[in-house]
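Input: a single structure, listed below in structure tokens.
The values are calculated or read from the model by the stated rules, or taken from the named source; none is laboratory data. This one's a predicted model, so the numbers in the text were calculated from it and none came from an experiment. So basically every Cβ, Gly included, is an ideal-geometry build from the backbone, and we count neighbours across all protein chains shown.
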Amino acid sequence: MTEESNNEKKQCRSKRGAILAYGIIQLGTGVVSSLSLAAIALSLCFVNQEAKVFTDCVDEARESGKTGSAAVHFCNGGN
């Protein structure tokens, strides 16, 4: 009986290690995906700010007498 209990303990230890490794991997992937979502949110904030600046530039160019397409061309770096 002692041989059977020793075998069961060894099998339990190996399963415990596998379960622990699985849990750590799951936790790690959760952290990585959270950081990725935060980076995407920050990049969208920068895109939003850039769009506001571009819109203001187009509005100013249109007020100076340019057509819509000429204003967009000017704000994109054209003359």
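Just to check your reading of the model, which residue among VAL53, VAL47, VAL58, VAL72 is of a type in the set (A, V, I, L, M, F, W, C), free of Cβ contacts under 8 Å to residues at least 60 places away in the same chain and touching a Cys at 6+ places or on another chain (Cβ under 6 Å)? If you could, list the steps in order and put the result at the bottom.
Working: VAL53 fails: touching a Cys at 6+ places or on another chain (Cβ under 6 Å); VAL47 fails: touching a Cys at 6+ places or on another chain (Cβ under 6 Å); VAL72 fails: touching a Cys at 6+ places or on another chain (Cβ under 6 Å).
One residue alone meets the criteria, VAL58.
Condition first: charged (D, E, K, R) and within 16 Å of GLU50 (Cα to Cα). Now tell me which residues in region 63-79 satisfy that.
Taking region 63-79 first, the residues charged (D, E, K, R) are 63, 66.
Passing the criteria: none in range.
Let's see how each residue does on (1) modelled with pLDDT of 90 or more; (2) surrounded by 10 or more Cβ atoms within 10 Å (Cβ to Cβ); (3) among the charged types (D, E, K, R); (4) in contact with a Gly (Cβ under 7 Å, 6 or more places away or on another chain):
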residue	(1), (2), (3), (4)
ASN7	no, yes, no, no
GLN11	no, yes, no, no
LYS15	no, yes, yes, no
SER33	yes, yes, no, no
GLU50	yes, yes, yes, no
PHE54	yes, yes, no, no
CYS57	yes, yes, no, no
GLU60	yes, yes, yes, no
LYS66	yes, yes, yes, no
